[in-house]
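Enquirer: I am attaching a structure below and will ask some questions about it afterwards.
We did not get these values from a lab; they are worked out from the coordinates using the rules stated. Because the structure is predicted, anything quoted here is derived from the model rather than measured. Ideal geometry is used to build each Cβ from the backbone, glycine not excepted, and the neighbour counts take in all protein chains shown.
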Amino acid sequence: MATDPSEYDKAMPIVAAHLAKVERAVSQTRSSHAGQPYTTVRQALLEALQHEDAQRVVPQVVNEFARRISEEPEQLPF
């Protein structure tokens, strides 16, 4: 099944906007909760994602960001 290239062009701004929201939520959480316990960080990240209207993130991605903010806050890509 081939995808129409125009569909890609239409979707990319939406994807980029969503990723920017996720990046803001991760950065905010890292700034306020770096090094804190995982469960605290995960809850703060979920709240930040909700605040950014970016709740649609794969749970495993949320878990990994929370773990890294908790355990390795200086090694995140954002």
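Enquirer: For the stretch 34-78, what are the residues that are without any contact (Cβ under 8 Å) to a residue 24 or more places away in the chain, among the charged types (D, E, K, R) and under 14 Å from residue 22 (Cα atoms)?
Expert: 47, 64
Enquirer: Within the stretch 24-61, which residues are among the polar types (S, T, N, Q), within 17 Å of residue 74 (Cβ to Cβ) and not in a loop (DSSP other than H, G, I, E, B)?
Expert: Residues of the stretch 24-61 that are among the polar types (S, T, N, Q), as a first pass: 27-29, 31-32, 36, 39-40, 43, 50, 55, 60.
Now restrict to residues that are within 17 Å of residue 74 (Cβ to Cβ): 27-29, 31-32, 36.
Within the stretch 24-61, 27, 28, 29, 31, 32 meet the criteria.
Enquirer: While we're here: Condition first: closer than 15 Å to residue 67 by Cβ and of a type outside the set (Lys, Arg). Now tell me which residues in the stretch 34-55 satisfy that.
Expert: 34, 35, 36, 37, 38, 39, 40, 41, 43, 44, 45, 46
Enquirer: Kindly indicate whether any position in the stretch 54-71 is of a type in the set (Gly, Ala, Ser) and more than 10 Å from the chain's Cα centre (by Cα).
Expert: Filtering the stretch 54-71 down to residues of a type in the set (Gly, Ala, Ser) leaves 54, 66, 70.
Imposing the further condition that a residue be more than 10 Å from the chain's Cα centre (by Cα) reduces the set to 70.
Yes, the stretch 54-71 contains a residue that is of a type in the set (Gly, Ala, Ser) and more than 10 Å from the chain's Cα centre (by Cα).
Enquirer: Then there's this: What number goes with the only condition from (1) outside any helix (DSSP H, G or I); (2) surrounded by 12 or more Cβ atoms within 10 Å (Cβ to Cβ) that residue 20 does not pass?
Expert: Every listed condition holds for residue 20 apart from (1).
Enquirer: Counting only residues that are surrounded by 14 or more Cβ atoms within 10 Å (Cβ to Cβ) and charged (D, E, K, R), how many does the stretch 36-50 have?
Expert: So the count comes out to 1.
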